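The next block holds one structure in the form of C-alpha cells; read it before the comments.
The values are calculated or read from the model by the stated rules, or taken from the named source; none is laboratory data. Here the structure is a predicted model, which means the values were calculated and not measured. Because the Cβ atoms are built from the backbone with ideal geometry, glycine has one as well, and the counts that use them run over all protein chains shown.
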Amino acid sequence: MPTNPPSPSRLFNLEGTLVDFLGGKPHKPKSLVLDIEQEPIAIQLPKELRSRIQSYLQPGDRVSCVGFTEVDYKAGLIKLKAAQVFGLSRPAIAPTAAPTPPCSPAPCLTHPSSSSTATNSPSKILVCRKSGCQKRAGKSVLAAVEQALQDHQLADQVKIQYTGCQKRCSKAPSLTIMPGKHRYSSLKPQHIPALIEEHFCPAK
C-alpha cells in the first residue's frame with residue numbers, strides 16, 4: 001500500500017494575541033491559541049516550555065511564535081509546532097491604575113543557592129558576533145540586550161560574552177543564556193526585554 005512521502009518542515013513566524021492555553025496537566029499546557037487577524041490558531045508547545053510558559057505569558061498578551069509546520073496526511077491537517085515563544089507586550093493598564101513594573105528597579109538576579117550547582121555558575125549572555133548574525137539585526141539585538149540589563153540594573157551581574165558561530169546561521173541572530181544553556185534564535189530587539197525578565201527577574 002503506497003504511503004505519503006514525508007512533508008518538508010517549513011519555518012513560520014507568527015504574531016498575535018494569546019487567547020488561551022489548551023490540554024495537558026494544570027500549569028503544563030500542551031498548546032496555546034493565538035488570535036491572528038480575528039482567526040484562532042492553535043500551536044503545539046515544546047515540552048521544555050510547558051512548565052514555565054504561564055509564568056511569563058497570560059491571555060491578552062501580544063505573542064511572537066517561531067516554529068515549524070508538519071503535515072498530518074491521515075487527518076488532512078497542517079500542525080504548527082512552536083520552537084520559541086516570546087511575549088511582546090501586555091495589555092494597556094487602565095488610566096486610573098498605577099503601572100506595575102515588570103521587575104523591581106533594584107538588582108533582581110536571585111542569589112545562588114549553595115546547594116545548586118547550576119545557579120552557582122556565572123550568569124552570562126553569549127552573543128554570536130559572526131557576520132551571519134551581524135547582517136540579520138545582530139547589532140540591534142545586542143544593543144537591546146545591553147539596554148535591558150541597564151534598565152534592570154543587571155549590567156554588573158550578567159556578563160555579555162562574544163562568541164564565534166553558534167551553528168544556527170539559518171536562524172540568525174542567535175544568543176545563549178547561561179547558566180542552563182538556553183538557546184534562542186531568529187531574535188528581534190523587541191524579544192529581548194521578555195527574555196531578560198524571564199531568566200534574571202523571577203516573579204517574587
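Some values worked out for this structure:
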| read-out | value |
| --- | --- |
| Residue within region 68-85 that is modelled with pLDDT under 80 and acidic (D, E) present | yes |
| Some residue of region 149-160 being under 17 Å from the mean Cα position of the chain (by Cα), surrounded by 15 or more Cβ atoms within 10 Å (Cβ to Cβ) and at pLDDT 85 or above | yes |
| Subset of region 49-92 (residues that are assigned to a strand (DSSP E or B) and aliphatic (A, V, I, L, M)) | V63, V66, V71, L77, I78, L80, A82, A83, V85, L88 |
| Complete set of residues in region 161-203 that are surrounded by fewer than 21 Cβ atoms within 10 Å (Cβ to Cβ) and of a type in the set (F, W, Y) | Y162 |
